[in-house]
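The values are calculated or read from the model by the stated rules, or taken from the named source; none is laboratory data. As the structure is a prediction and not an experimental result, all values here were calculated from the model. No Cβ is skipped: glycine too gets one built from the backbone with ideal geometry, and neighbour counts run over all protein chains shown.
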Amino acid sequence: MSLADFLTILRLVLVPFFLFCFLKGNYFCAFVLFSIAGFTDLVDGTIARLLKTQTRVGAMLDPIADKALMLTTVTCLLILKIIPLWFFLMTVTRDMLILGGLGWLKFKKIRVSLKPVWSSKFGTLSNIIMVIFGFLAFLRPDAFFLGEGFQFWFHAFLWSSAALIVVSGFEYAAAGLRILRRNTRYV
């Protein structure tokens, strides 16, 4: 097993532990586990490319681990009223539309490779930072970073993440339409 695959599997394994800590009210533990999982998300692909250890297992598990981590986390943050309902719905809707589109292509026997678009990669980074600042603002509402409260940084990255969700949604839709146009005999 490659280091990158190990990190991806670790991220997937951390999700239920994160959820357990959250449901038990141990928000600091949940924050630490999310931070570790978020870090693995940021580095696993880079490690795989740099070490030339990309695998089919990693390519398959990485998006599953990403979705499991982010959907679980935004659900938890919604429960705590840290993130607004509209952001939760935007996140879930975009992911469901992507999965639905991939399911449709598979149903039509159109082969596609799963490659994230640039806005999705930046969106993931923004989401991770947003969640970290959201937890910090919840845990330490009186603390500051670079002269601003954690709440300020949380909102800045919330809006950044929202914009990147919209952009990536359009990018994925455009990619899906291009694939369908190339494979019109299948539709």
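What to note about this one:
- Scan of segment 34-60 for residues that are surrounded by fewer than 18 Cβ atoms within 10 Å (Cβ to Cβ) and within 18 Å of the chain's Cα centre (by Cα), ordered by number: Ser35, Ile36, Phe39, Leu42, Val43, Thr46, Ala59, Met60
- Scanning segment 107-154 for residues that are assigned to a helix (DSSP H, G or I) and acidic (Asp, Glu) turns up nothing.
- Qualifying residue in segment 118-141 (condition: of a type in the set (Ser, Thr, Tyr) and more than 30 Å from Arg181 (Cα to Cα)): yes
- In the set Phe6, Phe31, Phe22, only one residue is surrounded by fewer than 15 Cβ atoms within 10 Å (Cβ to Cβ) and either in contact (Cβ under 8 Å) with a residue 40 or more places away in the chain or farther than 23 Å from Phe154 by Cα (or both); that residue is Phe6.
- Output for segment 37-60, where each listed residue is more than 17 Å from Val74 (Cβ to Cβ) and either in contact with a Phe, Trp or Tyr (Cβ under 9 Å, 6 or more places away or on another chain) or among the polar types (S, T, N, Q) (or both): Thr40, Asp44, Thr46, Thr53, Gln54, Thr55
- Some residue of segment 125-147 being within 21 Å of Leu99 (Cβ to Cβ) and surrounded by fewer than 19 Cβ atoms within 10 Å (Cβ to Cβ): no
- All conditions but one from (1) part of a loop (DSSP other than H, G, I, E, B); (2) under 14 Å from the mean Cα position of the chain (by Cα) apply to Thr75; the one that does not is (1).
- Scanning segment 118-155 for residues that are among the hydrophobic types (A, V, I, L, M, F, W, C), under 26 Å from Asp44 (Cα atoms) and modelled with pLDDT of 90 or more yields a count of 12.
- Filter result for Ser160 (surrounded by 13 or more Cβ atoms within 10 Å (Cβ to Cβ), part of a helix (DSSP H, G or I) and within 13 Å of the chain's Cα centre (by Cα)): no
- Listed by first and then second residue, the pairs with beta-carbon distance under 9 Å, at least 6 apart or on different chains, first residue in segment 66-80 and touching a residue at least 24 places away in the same chain (Cβ under 8 Å), second among the basic types (Lys, Arg), are Asp66/Arg11; Ala68/Arg11; Leu69/Arg11.
For (1) part of a helix (DSSP H, G or I); (2) among the β-branched types (Val, Ile, Thr); (3) at pLDDT 85 or above, each residue gets a yes or a no:
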position: Met1; (1), (2), (3): no, no, no
position: Asp5; (1), (2), (3): yes, no, yes
position: Leu10; (1), (2), (3): yes, no, yes
position: Pro16; (1), (2), (3): yes, no, yes
position: Cys21; (1), (2), (3): yes, no, yes
position: Cys29; (1), (2), (3): yes, no, yes
position: Thr53; (1), (2), (3): no, yes, no
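- Meets criteria (more than 19 Å from Ala137 (Cα to Cα) and out of contact with any His (no Cβ under 7 Å at 6 or more places or on another chain)) for Val32: no
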